[in-house]
Amino acid sequence: MRIGLLIRLIVLVVLLVFLIHPDTFAGFFALFAKAGQPPIYNQGSLLDITLNHLAIVLTATVASTIIAVGLAILVTRPFGAEFLPLSRSLANVGQTFPPVAVLALAVPVLGFGTAPTLVALFLYGLLPIFENTLTGLTNLPPAVTDAAKGVGMTGWQRLLKVELPLALPVILSGIRLSTVISLATATIGSTVAARTLGEVIIAGLTANNTAFVLQGGLIVGVLAVLIYDALSALERFLMARTGQLGRAAA
Amino acid sequence: MIEIDDITKIYGETAVVDRVSLVIDPGTICVIVGTSGSGKTTLMRMINKLVDQTSGAIRIDGEDIAGIPAYELRRRIGYAIQGHGLFPHRTVGQNIATVPKLLGWDKAKIADRVEELLTLFQLDPAQYRDRLPNELSGGQQQRVGVARALAAKPNILLMDEPYGALDPVIRAKAQEDLLAVQRQFETTIVLVTHDMEEAIHLGTKIAVMDKGKLLQHDVPQQIIANPSTPFVAELIGSAERPFRLLSLGKVADHIEPGEVAGTPLDAGVSLRDAYAELLWSGRPALPVTRDGKVIGQVTLAQLARLAARPQ
Ligand SMILES: Nc1ncnc2c1ncn2[C@@H]1O[C@H](COP(=O)(O)OP(=O)(O)OP(=O)(O)O)[C@@H](O)[C@H]1O
Ligand SMILES: [Mg+2]
C-alpha cells in the first residue's frame, strides 16, 4: 500500500517533469527516433496539449455523469419507471456506436474541432455511468430502504439522504470506467482536428517517428493509470465512510 | 386506539391477510403471533402504510389513515423493523436522531434524546454515539433500531421481531425496558414475535394469526385457557400451558399467612419462578419477603391449584 503510493507519486513527478521540460528526456527518446528526426515532439507544447486533452475528457465525463445519473434517478422513481427500457436502450446505443462513426457523423453538423469529439466522448461515457447508477440505486439493502420509508422520509429525502449516499461508491466506479475509456478514445479526436494527445501520435505516424508515437501513447497511458487508481482509492474511502466495506468485500 | 376494520391484502391470488378485524386499545401492547408467512408483518405494515390494503380500513384514534399522507403518518408511528434496517452510512447517533430531525427538533433537544436513549439501552453514549452500525454487534444493532423507533416519543410503536438476535439475558432486560417505557408514556405497541414466552410476558392481548386469518384475539389467560382452535392450542404448546398460566401471576397476589423455613422468595417474582424454586428446594412452602421483611408464605399446593385449567 505505502510502496504502491510511493511508486505512483514518482510516476506522477516524472510525468510532470516530462510535460514541463520534455527536453530532459531527449536522450531517452532519441533511441526511438531515426537519425535526423527530432526526438521530442516539436509542433506544440506537450503540456498544453495534455491539459487540453484532459479538459475535453473532463467536460465530456461531467456531462455524461449529469445526464446518466439524472436519467438513472428519473427511471428509478415511481413516476419514471416506464422510461426505464427506453433510457436503457438509449445508453446502449451510445455505447455500441463506434466513436469514429460518431465523429464522422458529427463533423458535417458541428464542423471540425473539439465539438464532435466532445459529443462522441459524451455519448460513449453515458452507459457505464448509467448502468452503475442504476445498479447502485436498485441494489440497496431492502431493510434499509424500508427503514427510510418507515421513519417517514419523503421520496426526495430518501433519494438524497439514503439512496444516493449509499450508491455513491458504485456510481463513482461507473465514472471511473467512463473516464478511462474517454481518456484513450479522445486521441481519435485529433483526426477531426481536436487538440488532443492523438495529435502527437498521428504526427509520429505520418513522419514515421516512433519517438512521437511513444510520447503520445505514454502520456495517455500514464494518465489513465493514475486517474484510475486515484478514483479507485476514492471509492474505497467512500465505501468505508458509508459503512459498506464489509458488504463490498462479501 | 388502533381500529383495524375488516382488512384484506391480496398478493396475486392469495389473501395474505384475510378479513382481519382488530381493536387495539390505547396504552396497551398487542402481540401478534403465528407461524412464518402467516401475514403478521403484512398486517403490521398496513398500519403505517408501508403496504396498501386491498380492502378494509384502519383508523387511528378514529381518523382513517387513508386521509393522512404516508410520510406524516410514519413520523408519528415508531417502527422497529425486522432485521433492524439501520442506515449503514450514518452513525448510531444520527440513526437515532432520524425522526426528530425530520420533525425539526432543535439540535440540543435531539442530542439529549439520543443520549437518553443510548443510556436506556445500555450503550455508553461516549463510546457508541459516533460508531457506524457495522461496528456494532447484532444485538447492539437491534437495540439501536428500537431506540430509533422510540426517538420521537411516538404514541404508537410497531415492532417486528425486535428482539430476535438478543441473548436471553439482554432480551429479558430489553423487555423490561420496553415495558417501563410503555408504562411511562402509555405507548400503544403492536409487536410481532415467534416467541410465545415473550408474547405472554409482554402482551396485554395476544392476536394469533394463521394463513392470513386472525384466529383469536384475547388476553393471555384466555388464549392459554380457552384456545379457540387446535392451532392456537398447538402454538401455545399444550405441555407448557400450566407454566404459561403461572408465569402471568406474581407471588405478591397469592401470599398465605404463616411462617416456614427456607430461602425466602421476593413478592415480585412470577408464580412460575416461585414454582421452580419450590420444586428445586424440595419443600412444600417457602417464605415470601417484601423489601427484605418476611410477609407470609407461598405453597406448592396453592400454585398447583393456580396452574390448573381455569373453570
Ligand atoms: N410484496 C409481496 N409480494 C408477494 N407476496 C408477498 C409480499 N410480501 C409478503 N408476501 C407473502 O405474504 C405472506 C405473508 O408474509 P409476511 O411477511 O406478512 O409473513 P410473516 O407472518 O411476517 O412471516 P415471518 O414470521 O416469517 O416474518 C408470505 O407468504 C409472503 O410470501
Ligand atoms: Mg415477518
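If you fit an axis through the alpha-carbon atoms of helix B:138-150 and take the longest principal axis of the Cα set of chain B, what angle between them do you get, 0 to 90°, nearest 10? So the inclination is approximately 70 degrees. Listed by chain and number, the aspartates and glutamates whose C-alpha is less than 20 Å from the C-alpha of B:LYS293, apart from same-chain residues fewer than 8 away, are B:ASP253, B:GLU256, B:GLU259, B:ASP266, B:ASP273, B:GLU277. In chain A, the calculated helix contribution to ellipticity at 222 nm averages -24500 deg cm²/dmol per residue, counting -39,500 (n - 2.57) for every DSSP H run with n ≥ 4. Karplus-derived 3J(HN,Hα) values for segment B:222-230, using 6.51 cos²θ - 1.76 cosθ + 1.60 with θ = phi - 60°, are 5, 4, 6, 6, 10, x, 6, 9, x Hz; glycine and proline are entered as x.
In peptide A:237-243, what is the residue-averaged number of other protein chain Cβ atoms found within 10 Å of each Cβ?
Per-residue shielding by partner chains comes out at 3.
Comparing B:THR42, B:THR193, B:THR229 in a Gaussian network model of chain B where C-alpha atoms under 10 Å apart are linked, the largest mean-square fluctuation is found at B:THR229. For A:LYS34, no aspartates and glutamates have a Cα falling under 13 Å of its own Cα, not counting residues fewer than eight places away in the same chain.
Calculate, for segment A:43-192, the solvent-accessible area per residue in square angstrom, rolling a 1.4 angstrom probe over the heavy atoms of the protein chains. Intermediate results must be reported in sequence, preceding the final value.
Numbers: 6320 Å² over 150 residues.
Value returned for segment A:43-192: 42 Å² of accessible area per residue.
For segment B:174-181, 3J(HN,Hα) computed residue by residue from phi via the Karplus equation (6.51, -1.76, 1.60; θ = phi - 60°) reads 4, 5, 5, 4, 4, 4, 5, 4 Hz, glycine and proline entered as x. Rounded to the nearest 10 degrees, the angle from helix A:164-185 to the longest Cα principal axis of chain A is 20 degrees. Computed from Cα atoms, the angle from the helix A:46-76 axis to the main principal axis of chain A rounds to 20 degrees. If contacts are Cα pairs under 8 angstrom and at least 6 residues apart, what is the relative contact order of chain A in percent? Across chain A, relative contact order equals 23 percent.
Over all residues in B:83-95, what is the mean tally of Cβ atoms on other chains that come within 10 Å of each residue's Cβ?
On the way: counts 6, 3, 11, 5, 11, 12, 12, 5, 1, 0, 0, 1, 2.
What the average comes to for B:83-95 is 5.
Between segment A:135-178 and segment B:47-84, the alpha-carbon centres lie 23 Å apart. Amide H contacts of B:LEU191: B:CYS30, B:VAL31, B:ILE32, B:MET159, each under 5 Å away and 5 or more positions distant or on a separate chain (H built 1.01 Å from N in the peptide plane; Pro and chain starts excluded).
Probe radius 1.4 Å, ligands and nucleic acids left out: can you give me the accessible area buried at the A-B interface, summed over both chains, in Å² to the nearest hundred? Show your work: numbers first, answer last.
Details: alone 12990 and 15050 Å², together 26340 Å².
Adding both sides of the contact gives about 1700 Å².
Within the same chain, lysines fewer than 8 places from B:LYS205 are excluded, and of the rest, those with a Cα less than 26 Å from its Cα are B:LYS9, B:LYS40, B:LYS49, B:LYS153, B:LYS173, B:LYS213, B:LYS250. Residues in segment B:20-27 carry Karplus couplings, in order, of 8, 10, 7, 10, 10, 6, x, x Hz; the curve used is 6.51 cos²θ - 1.76 cosθ + 1.60 with θ = phi - 60°, and Gly or Pro positions show x. Other protein chain C-beta atoms within 10 Å of residue C-beta, averaged over B:40-48: 1.
The values are calculated or read from the model by the stated rules, or taken from the named source; none is laboratory data. Bear in mind the structure is a predicted one, so any value in this text is a computation, not a measurement. Here the Cβ is made from the backbone with ideal geometry for all residues, glycine too, and neighbour counts use every protein chain on show. Surface areas here come from the heavy atoms of the whole protein model, side chains and all, with no ligands, DNA or RNA. Shrake-Rupley method; radii C 1.70, N 1.55, O 1.52, S 1.80 Å.
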